[in-house]
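Here's the structure we're looking at; comments come further down.
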Amino acid sequence: MNNRKIVIGTRGSKLALWQAEWVKAELQRLHPGIEVGLNKIKTTGDKILDVPLAKVGGKGLFVKEIEEALLRGEADIAVHSMKDVPTEFPEGLHLAVICKREDPRDALIAQITDHKSQITNFGGLPEGAVIGTSSLRRSCQLLHIRADLKIAQLRGNLGTRIKKLDEGQFDAIILAAAGVKRLGWADRITEILSPETCLPAIGQGAIGIECRIDSEIYDLIAPLNDAETSICVRAERSFLGKLEGGCQVPIAAYARIESHILSMEGLVGNLAGNIIIKERIEGLPTDAESLGLALAERLLSRGAKQILDEVYGRCVPGIDGDLAS
């Protein structure tokens, strides 16, 4: 088996390639002599850069073409950012591995002038500050705290987003801390936002590996699975699946295991950010998926369904959660 070649299907962005190269290096470390290649695939989401993702369909935009390559045998495995992965898979494919999670939180990056940022934290943003993000999840939560903020659409890869910030288009931008750290931009982070300020996207910070169900590749990639991360992310995805995310909506969840207890927070909010329904649940890690379902039920019983119905009426069906890096 070590003499065979494995092809990784991946997007071509710098972050996606970092993740694919990391998986490649880990596989070669675990199985000396194995050959691993990359098949860079341009997805629909990579081609649409001038339209907010909520208006064009969402999460499946970043995985659909890669999954088609898997089914055609043009790739053996696909490496994804878990927050981009829909809760349902095409027939014949499954989520085989979830790797150890990086920092799941969001990062505030403020504009730098004269080699120093005048903004030192979220609380220090000036009245009416312009914040760059295309994530409804982020904008909902930030507006809930600071209704004076101006949210502006921000698309493109990480370097493009930071360039737009430095050009003065925004006072600050919000990005996933994991991607910023992985690509070596950690020194630009002004503040890591606590989950109390901005609850992360489902699966944020984790790398997932998808493959064909009948693939003999599983034994090779199985050692990359991180048990704790897998439990937490599957709990979050169970929560999301119950809410039946149909477009990019203000849904967030974050699970963690402490002292052998799984605790998870989840929220649903409206687009304006003036209404947020938030709940917490605890239980055994072995009950992760049922805990996710129960947490979603709690939110639905408190009015989340009405919020989601309103949001779904404004956007295109087909995605769950949050897409902005």
- Sequence order, the range 94-108: Karplus ³J(HN,Hα) from phi using 6.51 cos²θ - 1.76 cosθ + 1.60, θ = phi - 60°, Hz rounded, Gly and Pro as x, gives 8, 7, 8, 9, 10, 7, 4, 6, 7, 4, x, 7, 8, 10, 8
- Task: Report, by chain and number, residues whose modeled amide H sits under 5 Å from the one on ILE275, excluding near sequence neighbours (fewer than 5 apart, same chain).
- Result: ASN270
- Considering amide H positions built from the backbone, and no H for Pro or chain starts, which residues 5 or more places from GLY12, or on another chain, come under 5 Å of its amide H? ILE41, THR43
- Residue-averaged 222 nm ellipticity for the chain, from DSSP H runs of 4+ at -39500 (n - 2.57), nearest 500: -8500 deg cm²/dmol
- Message: Which entries of LYS42/LYS242; LYS14/LYS163; LYS64/LYS150; LYS14/LYS181; LYS5/LYS40; LYS64/LYS163 have Cα-Cα distances beyond 24 Å here?
- Response: LYS42/LYS242; LYS64/LYS150; LYS64/LYS163
- Which distance in nm do the two modelled labels at LEU71 and GLN169 give, with both placed 7 Å along the Cα-to-Cβ direction? 3.5
- Translational diffusion coefficient (Stokes-Einstein; Kirkwood radius from C-alpha pairs) of the range 158-240 at 10 °C, 1.306 mPa s, in µm²/s: 102
- Distance from the range 174-214 to the range 260-298 (C-alpha centre basis), Å: 19
- Amide H neighbours of ASP106 at under 5 Å, excluding residues fewer than 5 places away on the same chain, with H built from the backbone geometry, are ALA177, LEU193
- Message: If packing is taken as the average count of other Cβ atoms within 10 Å, what order do 89-95, 305-311, 15-21 fall into, highest mean first?
- Response: 15-21, 305-311, 89-95
- Rule-of-thumb check for the chain: C-alpha Rg over 2.2 N^0.38 Å? 0.97
- Volume per residue (Å³) of the convex hull spanned by the alpha carbons of the range 106-193 is 85
- Query: Tell me, ARG11, ARG302, ARG280 in order of fewest to most beta-carbon neighbours within 10 Å?
  - Reply: ARG280, ARG302, ARG11
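Quick note: the coordinates plus some simple rules give every number you see, no bench work behind them. Predicted model only: the values in this text are computed from it and were never measured. Cβ atoms come from the backbone with ideal geometry, glycine included; neighbour counts cover every protein chain shown.
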